[in-house]
Amino acid sequence: MLIVGPLVLSSGFSYLLFHTLAEMFSVVIGCGIFVIAWNARRLLQNNYLLFLGIAFLSIAALDLAHTLVYKGMGVIPQLGTDPPTQLWIAARATQAVSLMVAPLLLGRRVRAGWTALGYGVFTTLILLSVFTWKIFPSCHVEGTGLTAFKRISEYVICLVLAVAMVLLYRRRSHFDPQVLRLLLWSAGLTIASELAFTSYIDVYGPFNLVGHILKIGAFFLVYKALIENGIAKPHSLLLRQLSQSEERYRLLFDTSPDAIFSMDISGRFVMVNPACEILSGYSRQELLGRTVMSLCAPDQRSRTMDEFKRNLRQPKYTQFETALIRKDGSRAEIWVVGKPLFSEGRLAAFHCTARDIGDRKRFQAELETLVRERTSKLRELVAELEHFSYTLTHDMRAPLRAMHGFGSLLMEKAGNVLDPESRGFLHNIMNAALRMDRLITDALHFSQASMKELPLHPVDPNPLLQGIIESYPGMQPPKADIQVAGNLPRVIANEAGLTQCFSNLLGNAIKFVEPGKMPKVRIRAEIRDEADVGPLLAGEGITAAPVPGQPLKKAPAGPVVRIWIEDNGIGIPSSFQHRVFEMFQRLSKTYEGTGVGLALVRKVVHRMNGRVGVESDAGKGSRFWLEFPCAKEAARPPARARH
C-alpha cells in the first residue's frame, strides 16, 4: 500500500507520471532479479531462479523501451500509441513463456552464458521488428482501440500463465512453501492484469490504470519471493538445500549394511552408524569418545596404525584387512576403507567404512582345505592310475609278444607244410599281435604325455630332424625325399617332446602316400609377429587343434616360429580335418596305424605352450604346422632355403 497509494494519487495529477513510475518500478525489480541470479549462478542448485533472472532482464529491457516511447514521453516523436502497445505485448509474452519454461528446468543444468545470449538476441529482434522493420503486428489503433491481435494475444498469454502455475505447483517440492505461494500469486495477478488490458480504448483510460496496478503487485510478489528471500533470507535457501542433502546422507548413513564411522585426530570415535554398533557389539554411547585402537585385535594394532599413518602421507583412500574384538570377546575379521579429511592443510578427521569378512574368510579357508584334500586324493589317484597303466601294459604286452614269437617259430618250422590259406591266417595273427602291441605302446605314451613334466628351454630343431632322418632308413633316399629349407630358428620347447612330434609327423608323411609314389617332404619355418597370428578357426582353410574341454589356444605372446611339414600324400578331406587330432581316428584302413599319433602330437605340443594345425586338400597332400615361441636369439628371418 505504501507504493500503490502514492502511485494512484500521482495519476490524478498526471497519468503519464503514474505510468512512468509504475513501469520504472517493474524495470528496477526485473534488473534486481537478474543481478541476484547472475552473481549467484555458480552457487545455485535451483535453476528456476537463474533462468528467471536472465529472462527478467530481457523483460525489463522491453518494459523500459515501452516506457520511453509511451504516448506523451516525447523521446521519439510521432510514434503514436501502437509501438508502446506492441512492446507491452512482447514483454508480457516473454514473461509468460519464461514462467512456463522455468519449472521444466528444475534439476537440469542451465548454461547461463548461452541463455543470456539467446535472450539478448531475442530482445534485439523484437526491437528491430517494432522500430526498424515495422513487421510486428499492430496492437492499438488510436481513436479505435485495441486490435484483434492484441486481445487474442492477451488471452493466449493468460492461458500460458495458467499452465505455468500448474507446472510450478507440480514441482512444489523444490521450493519453500512461502516462496511457492508468492510465485503462484504473482502469476495470478499477472493474469488479472492481462485481462484488464484487453478492455481499454484510451491508453490513459481506467482499465490501463488497473492493469498497471495489478502488474505492480505481481512484480512486488516476485520481489518478495526472489529478491527478499535471496538477500534478506539467504540462509533459508541455503539451509533448505543443505537440509535435503543431509537427509539423503543420513538415509544412506543409517541404512548402510557396512559400518561407517569417523574419528578425530586423536583416533576417537566421533560418529558411528547403526551397522557399526552391530559389528562391534557396543552401543553408540559406548563407542563415542572411545579410541579405535582399543577395539583393534592386539595382534593387528601395529599393522593397523601403520596403515593409517601411511594414508596420511598419501592422502588417498586406503584399504586393508584387520580384526577387532567385539564386546562379547569374539573376534571379527573386517575390511576397512578409510580417507583422511584435511582442513586448511591440517588433519581434521578420518572417515572409514568397515565390512565384516568373517564369513568370506571362513568360506575361503574351507574352500582351500577342500582343494588341498581333493588335490591330495587326485595325486594319489593319478599315482595309482600310473602304476596301473604300467602294470596293465606289461601284463598285456607279455602275451602279445608270446603270440608273435610263437607265431614266428611256427612259421619257420612248419611254414612249408601249411597250405597258403593257413599261412595267411598265421600272418594275420602275428600282424594283429604287432598292431595291438603298438596300440598299447602309443596309449602309454599318450598317458605319459598328459602327466609327465616337460621343462621348456631353447631348442634347435635342426639336429633333431637330422637325427630322426638318419635313424630311419625309410626316410632316406631312394625310399623318400625329405628336404629341410634353410636353417630352422630355435624355439622354446622340450627337446624330447619336439622329437616325438617330428617323428610322428614325418612318419605319417612318408606312410600316407599313394602306392608306387615316392614320398616327398619339405620342412620350412617362418617367424611371425604376435600381431599376425591369433586363434585359428576351422572353416578358414586352416584347422587348429584345441585340446578337448579347453578353448582354442591363442598364439604365445611375442614372435613365434611356425614350422611347416609339407608332403605329397593322399591329403585329408575337409570333412575329416576337424577330427584328425582326436584319439583313435584313422583316415583310412588301407594304411596301418593306431589313430593315436596325431592326438599324441596335439597333447605334447599343448604341454609345450605351442599350437598345431593342418592345411590339406584330398589328393593334394597335407601341410602340418607346429608353432612355438621364438627363442630370443632366433627372432630374425630364417636363412634362405638351400636348393
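The values are calculated or read from the model by the stated rules, or taken from the named source; none is laboratory data. Values in this document were obtained by computation on a predicted structure and should not be read as measured data. Note that we place each Cβ from the backbone using ideal geometry, even for glycine, and neighbour counts take in every protein chain shown. We work out accessible area using only protein heavy atoms, side chains counted, and drop any ligands, DNA or RNA first. Shrake-Rupley method; radii C 1.70, N 1.55, O 1.52, S 1.80 Å.
Quick one: which of G12, G5, G74 is at pLDDT below 90 and farther than 30 Å from T147 by Cβ?
G5
Of the numbered conditions (1) part of a loop (DSSP other than H, G, I, E, B); (2) at pLDDT below 85, K479 fails exactly one; give the number of that condition.
(2)
Inspect the range 111-118 for any residue being within 28 Å of H174 (Cβ to Cβ) and assigned to a loop (DSSP other than H, G, I, E, B) and give the result as yes or no.
Taking every residue of the range 111-118 in turn, at least one turns out to be within 28 Å of H174 (Cβ to Cβ) and assigned to a loop (DSSP other than H, G, I, E, B).
One line per residue, one yes/no per condition, for (1) within 55 Å of the chain's Cα centre (by Cα); (2) among the charged types (D, E, K, R); (3) farther than 17 Å from P137 by Cβ; (4) open to solvent by 10 Å² or more (accessible area, probe 1.4 Å):
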residue: I59; (1), (2), (3), (4): yes, no, yes, no
residue: G72; (1), (2), (3), (4): no, no, yes, yes
residue: R92; (1), (2), (3), (4): yes, yes, no, no
residue: R108; (1), (2), (3), (4): yes, yes, yes, yes
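Among the residues of the range 307-315, is any in a helix (DSSP H, G or I), open to solvent by 90 Å² or more (accessible area, probe 1.4 Å), without any contact (Cβ under 8 Å) to a residue 24 or more places away in the chain and closer than 20 Å to F269 by Cβ?
Yes.
For the range 77-110, how many residues are part of a loop (DSSP other than H, G, I, E, B), in contact (Cβ under 8 Å) with a residue 12 or more places away in the chain and either out of contact with any strand residue (DSSP E or B) (no Cβ under 7 Å at 6 or more places or on another chain) or acidic (D, E) (or both)?
Residues meeting the conditions: 6.
Looking at the range 504-532, which of the residues that are of a type in the set (G, A, S) and surrounded by fewer than 20 Cβ atoms within 10 Å (Cβ to Cβ) is modelled with the highest pLDDT?
In this case the residue turns out to be G507.
Looking only at the range 259-266, decide whether some residue is open to solvent by 50 Å² or more (accessible area, probe 1.4 Å), at pLDDT below 70, among the hydrophobic types (A, V, I, L, M, F, W, C) and out of contact with any Ser or Thr (no Cβ under 8 Å at 6 or more places or on another chain).
no
Taking the range 123-138, which residues are in a helix (DSSP H, G or I), open to solvent by less than 80 Å² (accessible area, probe 1.4 Å) and under 20 Å from F149 (Cβ atoms)?
I126, L127, L128, S129, V130, F131
Among the residues in the range 329-343, are any hydroxyl-bearing (S, T, Y), in a strand (DSSP E or B) and in contact with a strand residue (DSSP E or B) (Cβ under 7 Å, 6 or more places away or on another chain)?
No, because not a single residue in the range 329-343 is hydroxyl-bearing (S, T, Y), in a strand (DSSP E or B) and in contact with a strand residue (DSSP E or B) (Cβ under 7 Å, 6 or more places away or on another chain).
Residues in the range 162-183: is at least one out of contact with any Asp or Glu (no Cβ under 8 Å at 6 or more places or on another chain), free of Cβ contacts under 8 Å to residues at least 12 places away in the same chain, assigned to a helix (DSSP H, G or I) and among the aromatic types (F, W, Y)?
The answer is no; no qualifying residue exists.
So which residues in the range 111-144 are touching a residue at least 24 places away in the same chain (Cβ under 8 Å) and under 52 Å from the mean Cα position of the chain (by Cα), if there are any at all?
The answer is A112, T115, A116, Y119, G120, F122, T123, I126, L127.
Rundown of residues vs (1) at pLDDT 85 or above; (2) open to solvent by less than 50 Å² (accessible area, probe 1.4 Å); (3) hydroxyl-bearing (S, T, Y); (4) out of contact with any Asp or Glu (no Cβ under 8 Å at 6 or more places or on another chain), yes/no style:
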residue	(1), (2), (3), (4)
R355	yes, no, no, no
F363	yes, no, no, yes
L381	no, no, no, yes
E384	no, no, no, yes
T391	no, no, yes, yes
D395	no, no, no, yes
P399	no, no, no, yes
F406	no, no, no, yes
L410	no, no, no, yes
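With respect to T147, determine if the residue is hydroxyl-bearing (S, T, Y) and either touching a residue at least 40 places away in the same chain (Cβ under 8 Å) or under 24 Å from V222 (Cβ atoms) (or both).
Criteria not met by T147.
Hey, among E366, E286, E373, E277, which residue is in contact with a helix residue (DSSP H, G or I) (Cβ under 8 Å, 6 or more places away or on another chain) and in a helix (DSSP H, G or I)?
The match here is E277.
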